[in-house]
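In what follows, a single structure is set out as structure tokens and then discussed.
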Amino acid sequence: MSLETLSETRIFNYQFETAIKRDVDAVWSLMTDEINDWWMTDFRALGEGSVMSLRAEMDGALVETGKNGESLEWYRVQMCVPGKSIYLVGYMAPDWGGPTISMLKLALEPKDGAALLTVSDALMGNISESSIKSAQSGWETLFRGGLKAYAEA
């Protein structure tokens, strides 16, 4: 039995900002070195008890490791300017609504005594209106309800 499907590729870009009441160096460290502490349980694909890690260097990766040795590479680091920005490229399999490529940029800059985090994402592939809303609201929840809340606690 053969299954063949032809679908169109779509591209969607979005960006949002959030100010975090900490200095840029502290937020960078929290964002990269302490990612497991603020990455919310609802955003762990391998379930509760998994561990998130981010190696913020060229060819590093954002990886989730499960309790029983399962692992998921969320993103690969394409470019890193320590303390300022990190460019990530990730792939979503058809099981998760793909195939889709995500090109995520996280950038920090000082602004009014805080760190301004700018999150930019470009999605290319099998993209629907619901997947667009899900991606954007998910990252907003994670970075505002996770990172920002953790940093300001």
Whole-number percent relative contact order across the chain, with pairs defined as alpha carbons under 8 Å at least 6 apart
30
Once you treat every alpha carbon in the chain as an equal point and sum by Debye, what is log10 I(q)/I(0) at q = 0.10 Å⁻¹?
-0.37
If one compares the long axis through the Cα atoms of helix 129-140 with the longest principal axis of the Cα atoms of the chain, the angle in degrees, nearest 10, works out at 20
Quick check: the distance between the Cα centres of the range 1-67 and the range 83-153, to the nearest angstrom?
7
Most mobile of TRP96, TRP74, TRP39 in a GNM of the chain (Cα contacts under 10 Å):
TRP96
In the chain, lysine pairs 8 or more places apart or on different chains with C-alpha atoms under 22 Å apart total 11
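P(r) tail for the range 90-147, what percent of Cα pairs lie past 19 Å?
37
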Estimated FRET transfer efficiency when R0 is 30 angstrom, pair ASP59-ALA107 (beta carbons, to 0.05)
0.95
Computed about the Cα centre, the charge dipole of the chain from +1 Lys/Arg and -1 Asp/Glu charges at the Cβ has a magnitude in debye, to the nearest 20, of 220
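Taken together, the values in this text are just the output of simple stated rules run on the coordinates, not laboratory data. Please read these numbers as outputs of a predicted model, since none were measured by experiment. Reconstructed Cβ throughout: ideal geometry from the backbone, glycine too, with neighbour counts over all protein chains shown.
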